[in-house]
């Protein structure tokens, strides 16, 4: 295997790992939200604070990188579009949307990313790429409608929840499509330590009141462990893996790994006896992975 192939494989594994973590993160965030002990703004600030500390600690053991003056405003924009806006809209939206509606709406993210990558990176929208995205989208729809049987915590989706999930998809798609050149100029640790610091500072005015009035003594121990998972794995580890993958594979491919999340939910349900394997689920999985393979083999933008 040559160096390029190894780099692409590492990018695929990183994105797959990140979205497996994100899949479990949905369950954790739902339970945290349903506990009413920690508000969405508090949880985001905790995530940003934890990741900021961890990335800055890690950077102390790495060579220091100087940020070009022209890139500071871009790093601020990337932190708002890639961290603050997607996480905040998601954390608020899951308190207003059912599990099935969240999954369906989130599935539009790769489609948005494909068009945004074409706009910002001049990635060609070929028939093969569009077909691969459509194939995976069809697979995840088949999986969702054959796996979800009950809502979790919310009985009916609110219109604001729909708007917030779509904003979540759009802002993260903009981040994946527009900031790949910026991310490629710096190490993952350098980029993320500044991005999370910016997000933390932006979030503090929104969460300060909630932190001051929180009933800390009443927070259940299981919620504490779930918050720890969200901070370390779903924030620090996952947001290390995403830019690592962004450097190595195309934005549309990165986004398509979001389809792992409903597949993971189905697998967990089958393992704990809440669901069964059917031909529809097997077909759905084959469609999802076949679509990713087709997009991976589609024509990329010409290197500049």
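Confirm whether residue 52 is assigned to a helix (DSSP H, G or I), at pLDDT 95 or above and within 19 Å of the chain's Cα centre (by Cα). Considered against the rule, which asks whether it is assigned to a helix (DSSP H, G or I), at pLDDT 95 or above and within 19 Å of the chain's Cα centre (by Cα), residue 52 comes out as yes. Among the numbered conditions (1) exposed (fewer than 14 other Cβ atoms within 10 Å of the Cβ); (2) at pLDDT 85 or above; (3) under 19 Å from residue 126 (Cα atoms), the only one that residue 282 does not meet is (3). Annotation note: Cβ proximity below 6 Å between a residue of segment 255-272 that is closer than 19 Å to residue 106 by Cα and a residue that is at pLDDT below 90 and outside any helix (DSSP H, G or I) (sequence gap 6+ or interchain) occurs for 266/147.
Conditions tested, residue by residue: (1) under 30 Å from residue 276 (Cβ atoms); (2) surrounded by 19 or more Cβ atoms within 10 Å (Cβ to Cβ); (3) touching a residue at least 40 places away in the same chain (Cβ under 8 Å).
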{"position": "104", "(1), (2), (3)": "yes, yes, yes"}
{"position": "119", "(1), (2), (3)": "no, no, yes"}
{"position": "136", "(1), (2), (3)": "yes, yes, yes"}
{"position": "144", "(1), (2), (3)": "yes, yes, yes"}
{"position": "162", "(1), (2), (3)": "no, no, yes"}
{"position": "172", "(1), (2), (3)": "no, yes, yes"}
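Scan segment 59-74 and give yes if some residue there is touching a helix residue (DSSP H, G or I) at 6+ places or on another chain (Cβ under 6 Å), assigned to a helix (DSSP H, G or I) and surrounded by 22 or more Cβ atoms within 10 Å (Cβ to Cβ), otherwise no. Within segment 59-74, not a single residue is touching a helix residue (DSSP H, G or I) at 6+ places or on another chain (Cβ under 6 Å), assigned to a helix (DSSP H, G or I) and surrounded by 22 or more Cβ atoms within 10 Å (Cβ to Cβ). Going by what's in this entry, would residue 88 be described as assigned to a helix (DSSP H, G or I), under 24 Å from residue 207 (Cα atoms) and touching a residue at least 24 places away in the same chain (Cβ under 8 Å)? Taking the combined requirement at face value, the residue satisfies it.
Just checking: which of the helices (runs of 4 or more DSSP H) contained wholly in segment 185-304 hold 3 or more residues that are under 30 Å from residue 36 (Cα atoms)? Explain how you work it out, then say what you get.
On the way: elements: 188-213, 221-231, 238-246, 251-256, 260-271, 279-296.
Passing ranges, in order: 188-213, 221-231, 238-246, 260-271.
Does residue 100 fit the bill of being surrounded by fewer than 21 Cβ atoms within 10 Å (Cβ to Cβ), in a helix (DSSP H, G or I) and free of Cβ contacts under 8 Å to residues at least 40 places away in the same chain? The answer is no for residue 100.
Restricting to segment 1-16, give me the number of residues that are loosely packed, with under 10 Cβ neighbours inside 10 Å and either in contact with a helix residue (DSSP H, G or I) (Cβ under 9 Å, 6 or more places away or on another chain) or not in a helix (DSSP H, G or I) (or both).
The first filter runs over segment 1-16 and keeps only residues loosely packed, with under 10 Cβ neighbours inside 10 Å, leaving 1-5.
Pick out the ones that are also either in contact with a helix residue (DSSP H, G or I) (Cβ under 9 Å, 6 or more places away or on another chain) or not in a helix (DSSP H, G or I) (or both) and you get 1-2.
Of the residues in that region, 2 qualify.
Taking residues in segment 36-52 that are over 12 Å from residue 87 (Cα atoms), and partners anywhere that are crowded, with 22+ Cβ neighbours inside 10 Å and at pLDDT below 95, the pairs with Cβ atoms closer than 6 Å and at least 6 places apart or on different chains are 38/32.
The values are calculated or read from the model by the stated rules, or taken from the named source; none is laboratory data. Keep in mind it's a predicted model, so treat the numbers as computed, not measured. Ideal geometry is used to build each Cβ from the backbone, glycine not excepted, and the neighbour counts take in all protein chains shown.
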